[in-house]
Amino acid sequence: MTRRVALGLIGLALVAGLTGGAAAPASGDRAGDVATIRAAAPAGCGAANGRVFVPAGATTLGEDGPGRPGSNVRVEGFWIDRHEVTNRQFAAFVAATGYVTQAEREGGSAVFVQPESLDGDDAAQWWRFVRGASWRRPHGAGGELAHADEPVVHVTFDDAQVYAHWAGGVLPSEAQWERAARGDQAGPRSPAAWAYDASGKPIANTWQGEFPLNQVGDDHYDGLAPVGCFPPNAFGLDDMIGNAWEWTQSAAGGEGRRILKGGSFLCAFNYCANFRPAAWQAQEQDLGASHIGFRVVSSP
Ligand SMILES: [Ca+2]
Ligand SMILES: [Ca+2]
């Protein structure tokens with residue numbers, strides 16, 4: 001079958017062919033078996049599990065640098081995961097429930113594949129619907145197993161919701177997510193300052209260089225990073241900016257589309273520059289990708 005894949009997260013759409021049939025787990029893979037997941041985070045990485053409490057307060061929803069002050073929105077206090085849900089955590093959920101993700105049921109998912117050359121800016125040149133790609137093997141059948149401490153990806157909105165309910169929470173609203181990402185921000189901030197310090201050193205996992213052909217890799221990660229490899233924000237939250245985009249429960253307008261927040265390892269200055277709290281993208285809620293994850297919130 002052929003499926004139209006609208007990757008609103010990059011503002012373009014592509015048409016990708018998907019050969020039908022559910023993907024069988026790769027040889028040796030078992031449902032929820034953490035032993036099938038590569039372990040051991042690099043030195044210097046690591047995040048404490050659990051949630052932190054974000055106190056009630058106002059956030060400048062949409063504040064985006066000079067001339068874009070945003071609007072004050074009051075957000076009640078809530079708990080939020082310190083880091084993106086990891087493969088280790090998702091594996092525990094699968095082991096407990098037997099849950100099968102939409103990508104596993106449908107036989108594949110959207111994977112970023114760096115092109116060697118470009119002809120125009122059609123995103124189909126760097127997005128592929130890859131058979132066998134799922135949270136277990138993010139690059140597809142035959143690819144490497146997921147890293148235990150990296151964010152789970154190739155999860156749809158429904159997958160993320162089911163996990164969230166199992167974990168005793170829900171997906172954040174856009175306002176909750178942005179309140180959490182802004183931390184103690186007191187005034188306007190340069191969009192770049194969310195991902196780079198004053199000396200230009202990366203403080204989040206994004207893309208340095210010209211997307212999508214050339215990646216310099218100043219932040220040491222060409223793809224996903226394990227959670228907690230970069231400094232936490234003022235609330236003690238890791239990777240709110242960059243690494244994996246994160247599902248919110250907020251509708252994005254149009255049927256079946258939800259708002260993603262935070263940008264990903266694919267966000268570069270020359271493309272999207274979505275590494276800041278104000279940024280968002282609309283995403284088809286039944287389509288995961290190799291750079292979309294989530295985290296969970298709960299009420300006090
Ligand atoms: Ca990077
Ligand atoms: Ca993130």
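FYI, it's all coordinate maths here, none of it is from the lab. Keep in mind that this is a model prediction, so the values were computed, not measured. A quick note on method: Cβ atoms are made from the backbone with ideal geometry, for glycine too, and the neighbour counts reach across all protein chains shown.
Rounded to a whole number, what is D in µm²/s for the chain from Stokes-Einstein with the Kirkwood radius over alpha-carbon pairs (25 °C, 0.890 mPa s)? In µm²/s, the coefficient is 128.
Gain on full extension, evaluated as 0.36 nm per residue between Glu144 and Tyr271 minus their Cα-Cα distance, stands at 43.0 nm. Applying 1/(1 + (r/R0)^6) with R0 = 25 Å to the Cβ-Cβ distance of Ala95 and Asp158 gives a FRET efficiency near 0.80. Compute the Cα gyration tensor for region 237-300, then decide on rounded, prolate or oblate, letting a ≥ b ≥ c be the square roots of its eigenvalues: rounded whenever a/c is under 1.5, prolate when a/b is larger than b/c in the other cases, and oblate in all that remain. Oblate, because a/c is 1.5 or more while a/b does not exceed b/c. The Rg/Rh ratio for region 161-260, using Cα coordinates for both the radius of gyration and the Kirkwood hydrodynamic radius, is 1.00. Computed over the chain, relative contact order equals 24 percent, with contacts defined as Cα pairs under 8 Å that lie 6+ residues apart. With R₀ set to 51 Å, the beta-carbon distance separating Asp121 from Ser298 gives a calculated FRET efficiency near 0.80.
Projecting label points 7 angstrom from Cα along Cα→Cβ for Glu210 and Ala192 puts them 1.8 nm apart. With a simple spin-label model that places each label point 7 Å from the Cα along the Cα-to-Cβ direction, the separation between Ala43 and Arg105 comes to 4.5 nm.
A helix-only calculation puts the chain at -3500 deg cm²/dmol for mean residue ellipticity at 222 nm, using -39500 (n - 2.57) for each DSSP H run of at least four residues, averaged over all residues.
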